[in-house]
1. Could you identify the single residue in B:A304, B:A296 that is more than 9 Å from chain A (Cβ to nearest Cβ) and over 30 Å from A:L453 (Cα atoms)?
2. Kindly evaluate A:A458 against the criterion of being more than 10 Å from chain B (Cβ to nearest Cβ), modelled with pLDDT of 95 or more and closer than 27 Å to B:T95 by Cα.
3. Does B:I59 fit the bill of being touching a residue at least 12 places away in the same chain (Cβ under 8 Å) and more than 7 Å from chain A (Cβ to nearest Cβ)?
4. Tally the residues that are in a helix (DSSP H, G or I) and within 9 Å of another protein chain (Cβ to nearest Cβ), restricting the search to the range A:158-172.
5. Go through the range A:331-360 residue by residue and tally those that are touching a His at 6+ places or on another chain (Cβ under 7 Å) and surrounded by 19 or more Cβ atoms within 10 Å (Cβ to Cβ).
6. What pairs come up if the first residue lies in the range B:186-199 and is closer than 21 Å to B:H275 by Cβ, the second is β-branched (V, I, T), and their beta carbons are under 6 Å apart, counting only those six or more places apart or on different chains?
7. For the range A:91-114, does any single residue satisfy the condition of being in contact (Cβ under 8 Å) with a residue 12 or more places away in the chain, more than 8 Å from chain B (Cβ to nearest Cβ), in a helix (DSSP H, G or I) and closer than 30 Å to A:E252 by Cα?
Protein chains: 2
Amino acid sequence: MFGKSNIQPETCHNAGTNWAIQYNSVSRRDCLLLAVGALQMDLLHTRLEAQFRETREEIAGLIRDHGDLAIGSVHLAQLFGGMRGLRALVCDTSTVDPELGLAIRGLPIKQLHDRCPEEIFWLLLTSFLPDDRELSFLRERLHDLRTLPGYIAPLLDGMPADTHPMTMFNAAVLTMQRESHMATRYRTLPRELLWTAALEDALEMFARLPVLAAEVYRRRYGLPTVEEPDEMDWTRDFAMRLLGRNDAGFEELLRSYVVVQSDHESGNVFAFSAHITGSTHADPYYACSAGLNGLAGHIHGLAAQDFMRFLFDLQQDLPSGVDQAFLRQILRDRLASGRVIPGFGHAVLRLQDPRFEILSSRASALFAGEPLFLLARQVYQAGTQVLVEHGRARNPYPNVDAITGVVLNLSGIRELEFYTVLFGVSLSIGMLAQYVISRGIGSPIVRPRSLSLSEVRAMLPQS
Amino acid sequence: MFGKSNIQPETCHNAGTNWAIQYNSVSRRDCLLLAVGALQMDLLHTRLEAQFRETREEIAGLIRDHGDLAIGSVHLAQLFGGMRGLRALVCDTSTVDPELGLAIRGLPIKQLHDRCPEEIFWLLLTSFLPDDRELSFLRERLHDLRTLPGYIAPLLDGMPADTHPMTMFNAAVLTMQRESHMATRYRTLPRELLWTAALEDALEMFARLPVLAAEVYRRRYGLPTVEEPDEMDWTRDFAMRLLGRNDAGFEELLRSYVVVQSDHESGNVFAFSAHITGSTHADPYYACSAGLNGLAGHIHGLAAQDFMRFLFDLQQDLPSGVDQAFLRQILRDRLASGRVIPGFGHAVLRLQDPRFEILSSRASALFAGEPLFLLARQVYQAGTQVLVEHGRARNPYPNVDAITGVVLNLSGIRELEFYTVLFGVSLSIGMLAQYVISRGIGSPIVRPRSLSLSEVRAMLPQS
């Protein structure tokens, strides 16, 4: 179904007397595939061009007719509070509703968790799920683009052996900036067509980031290199590269893991940092690298590994099995000493995160009897009880960071500090779609202004 | 005056019979220097700790008493316009006044252009210019921290020879993340003392970024490696490493170049991207790398090289010397065709940028007779005339990007794409001070929210 388009006359020459017939048949099939591919790419371009033009015109009209409309206030608390809750960005790829959670292009994530990352990328970019033909085209394209540049392996090998895997991953992303079509064509391409070069970059990065992540994983932890799986399915290929073997259960989990974390509107640090960087017309490699830098922060992308550390500590404290009352007391003591319970609460959501529910139900099917999963479930229950009785958490439910580490660990990916790399691969899907769209609709450079503390003091009401 | 503190008993052993006396005398001197250094470091810590505590308390009080105070509105145009002009950040290191231009800690940049980068870093960080003792301490400290980790040279050599110098520089900054004190000590250090580890990182990065930039410069362009200059003065050392020789004129220029571009409040993409990244407690290496990614954008850090390209094109069009009327016509035609005049205008300033004036007057003293500088001056004059007659530019004066490339080029740094690396070294000084301060005052994670286009439509007045 997803035949590979490989025009390699050399291999045909090696086939001896049969080469002419083989070459002919390969050539005909490849011509057909190339033609279908080119047609699909043209259709995608045409559709995006129309969407971008329409959006650009709508935005110009909105600014012309309602530019001065005040759509909200900046409060002093937000000035000092990291713009928390300040609605100052526009993003159409996804929304995060306090009651409903993540929706991609209006579709709640619970309706999408059986989809694959390729479908989600297409949905994010075009606002439509791909049909079979479009999905085949995208998969074939990604498959053909998957090979990493030759300088990446020596680059990774040249870094000190104890370098953080996120640093290795990000430095390699940055070094691949050399491949950027947008950087190469920037001075010759009209501004309104920058997105076409950005789309080429986006496809290459979408294809290569999982390959790079798996390379980092296996090199960093001294695991034997994996033979190229040559799989059309993006997730299956990724799963095999990570584990070094075929594991249908992990593949399914990884698919959901990536899909539920593929986009989260544009105000989270990863997306925002990438957006700001891209707004200067720095190419998608620079933008993705900027996002990954933020994701490497302890109170952003490292939350999943922090929950796991907490869980392992509990496992040591409770060696003879889980006592629910004792567990609640541990959590109460933690809150009383001014610390948080890792893996609970959410900046925006007020109900249970559907992303948690999706991964948790997948985990139940695979790991129901595993002691670590049993303990995690006890913590989910006890944590919510204690937070409800404590009465101050606006959201007392476990969040997505309380389950992602558990499923990765139980699947055999045990190196906690690597989790943020996988998170980065997932988020980059939304970031790449947002990048192409931002260039397509001509998003201007981001440039808020700052106040000094004395300017703030001068704004206070006279008392 | 700025003696180096080198405790190396091995060299003393080699000195034969005299070693005891030598060792004793070296040891006494070093002990004294170490004691003075430790005392100065203690004094710096004590001062910063008091400042940070005071600021934290003031901010807590402001949020408690006035958190709901609306200090401004978000307008629809800002939502789509990259938050332009939206006052939503607090930054005390510097301000950019539309009439007065850049002021660092309240001191106009024109009062500071004879200072050195070490003094500016101290001023940014502490809000005081250092006295002689403090300056000696800082210089000695930076001098001792200057050596790059051993893996950097092979890392740079391993990248493809045509990699963009900014990519090489940034990938190396990122790889040095392994050295971060903040990353190493994050789990053991109380939150309110994170800044102490960040300060160690900041000093190491301030010391090493120019060394790295010079390494990239000389390797990338195949220039012979420079012998370690072993200079106490940060700029002199940097200038010698870049040019491979002592050049007092370039040193003076470079000092001003770095000082005038060392900070520019926190809303420009470089600073903002670094701030967002740091707000997740990602360490200063990650934050600086995020800032550099944004600076690599064509409409941000690449403006100086764009002005130079424009100037070189003019030089080709006007081979027989400069005709002012013809030049004005070229600029008018450019505006008429919808293009901008590179190197003119400013997002915030409404008068001539004092940073331009400082560098321009330094250049006049050194390069008055150079044809390229003569042409540049003609462009400054003609550009302003044409923009004034055009009537639509809110600031018709040449900006700092119209002079930085000229002075670098005339000093012998002719590789245009390298200019953004030097810009990054300069801006990182303010970024590092802002980073330490942000951790010191406990700045929370940045997290604005986004609206979808349909949510914006729903906010429009019913017509």
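The values are calculated or read from the model by the stated rules, or taken from the named source; none is laboratory data. Treat the numbers as computed from the prediction; the structure is a model and nothing was measured. Note that we place each Cβ from the backbone using ideal geometry, even for glycine, and neighbour counts take in every protein chain shown.
1. After applying the criteria, what remains is B:A304.
2. Criteria met by A:A458.
3. no
4. Adding up the residues that qualify gives 7.
5. Here the count works out to 2.
6. Pairs found: B:W195/B:V436; B:A198/B:V436; B:L199/B:V436.
7. yes
Per-residue answers, yes or no, for (1) out of contact with any Ser or Thr (no Cβ under 9 Å at 6 or more places or on another chain); (2) at positive phi; (3) hydroxyl-bearing (S, T, Y):
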{"site": "A:A198", "(1), (2), (3)": "no, no, no"}
{"site": "A:L212", "(1), (2), (3)": "yes, no, no"}
{"site": "A:Y217", "(1), (2), (3)": "yes, no, yes"}
{"site": "A:W234", "(1), (2), (3)": "yes, no, no"}
{"site": "A:D237", "(1), (2), (3)": "yes, no, no"}
{"site": "A:A248", "(1), (2), (3)": "yes, no, no"}
{"site": "A:G278", "(1), (2), (3)": "no, no, no"}
